[in-house]
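Have a look at the structure below, then the notes.
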Amino acid sequence: MTRAPRLSDVPHVARVLTVSDRSAAGLREDRGGPLAVSLLREAGFDCADAVVVPDGADNVERALRELVAQGAGLVVTTGGTGIAPTDRTPEGTARVLDRELPGIAEELRRRGLADTPMAVLSRGLAGIVEPGTLVVNLPGSTRAVASGIAVISELAPHVLDQLSGGDHA
């Protein structure tokens, strides 16, 4: 006799959004997005290939809204969190978030310090889009993506369980 799958048996749906003018134009290979996808898959998430959009708050907002509408429980962005004139990922993300989770962004910067003192320059955000999507901004470097996905993989299952009405286990 087979049993119906429990919620914990079904992989969470994750999506990755790469934000880069050069990658969107085909001038530079996107390395951060595919790395994030690979690491999320290894962590047990159902994750399609990364979506790539040019820099800019409007592009980020539009892409995030689309990924949330498609049913992603977790959306990780890579790129556009710094201080360059075109780095506007946090601004686009802020337009979509219903509730911020500043502790996640703080932990990402703290762990990033092990790789580079420049980690403190990331302006990335993390938060919830109702009714149940966790959005986390990561810098675009592969080192930042690797350390960031490690943090996200630890926290996201609990966050997503809580968003779906789970108990505080």
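Computed from the coordinates by the stated procedures, all read-outs in this text should not be read as laboratory data. Note that the structure is a prediction, hence the values are computed from the model and not measured. No Cβ is skipped: glycine too gets one built from the backbone with ideal geometry, and neighbour counts run over all protein chains shown.
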If each of A150 and D49 carries a label point 7 Å out from its Cα toward its Cβ, how far apart are those two points in nm?
2.9 nm
Size of the dipole of the range 44-104 about the Cα centre, Lys and Arg at +1 and Asp and Glu at -1 on the beta carbon, nothing else charged, in debye to 20?
100 debye
Roughly how many whole Å is it from the C-alpha centroid of the range 21-61 to that of the range 99-168?
16 Å
Given a cut-off of under 8 Å on Cα pairs at least six residues apart, what relative contact order in percent is computed for the range 92-169?
28 percent
The chain: calculated mean residue ellipticity at 222 nm from DSSP helix runs of at least 4, using -39500 (n - 2.57):
-12000 deg cm²/dmol
Relative contact order [Cα under 8 Å, 6+ residues apart], the chain, whole percent
23 percent
Sites matching trypsin sites (Lys or Arg not before Pro) across the range 1-106 that sit in DSSP coil, with at most 16 neighbouring C-beta atoms within 10 Å
R3, R6, R28, R31, R95
Projected onto the charge dipole of the chain (unit charges on the beta-carbon of Lys, Arg, Asp and Glu, signs +1, +1, -1, -1), the Cα from V53, G140, V151 with the largest positive-side position is that of G140
Hz values of 3J(HN,Hα) by residue in the range 22-29 - Karplus curve (6.51, -1.76, 1.60), Gly and Pro given as x
5, 5, 5, 8, x, 8, 8, 5
What is the antiparallel percent of DSSP beta bridges lying wholly in the chain, to the nearest 5?
30 percent
Candidates P11, P34, P117: whichever shows maximal mean-square fluctuation once the chain is modelled as a Gaussian network with Cα springs under 10 Å
P117
Local net charge near L108, Cβ-Cβ under 14 Å (Lys/Arg +1, Asp/Glu -1)
0
Neighbouring Cβ atoms within 10 Å as the yardstick, rank V76, V136, V52 fewest first.
V52, V136, V76
If each residue of separation counts as 0.36 nm, what is the full-extension length gain between L121 and E106 once their alpha-carbon separation is subtracted?
4.3 nm
Nearest 10, in degrees from 0 to 90: the angle of helix 57-69 to the longest Cα principal axis of the chain is 10 degrees
Order of H12, H158 - criterion: other Cβ atoms within 10 Å of each residue's Cβ, fewest first:
H158, H12
For a quick check: sort I104, I149 by the number of other beta carbons within 10 angstrom, fewest at the front.
I104, I149
How large is ³J(HN,Hα), in whole Hz, for each residue of the range 86-99 in order, when computed from phi with the Karplus curve 6.51 cos²θ - 1.76 cosθ + 1.60 and θ = phi - 60°, using x for Gly and Pro?
8, 6, 10, 4, x, 5, x, 5, 4, 5, 9, 5, 8, 9
For C47, what residues show an amide H to amide H distance below 5 Å, using hydrogens built from the backbone and excluding near sequence neighbours?
A14
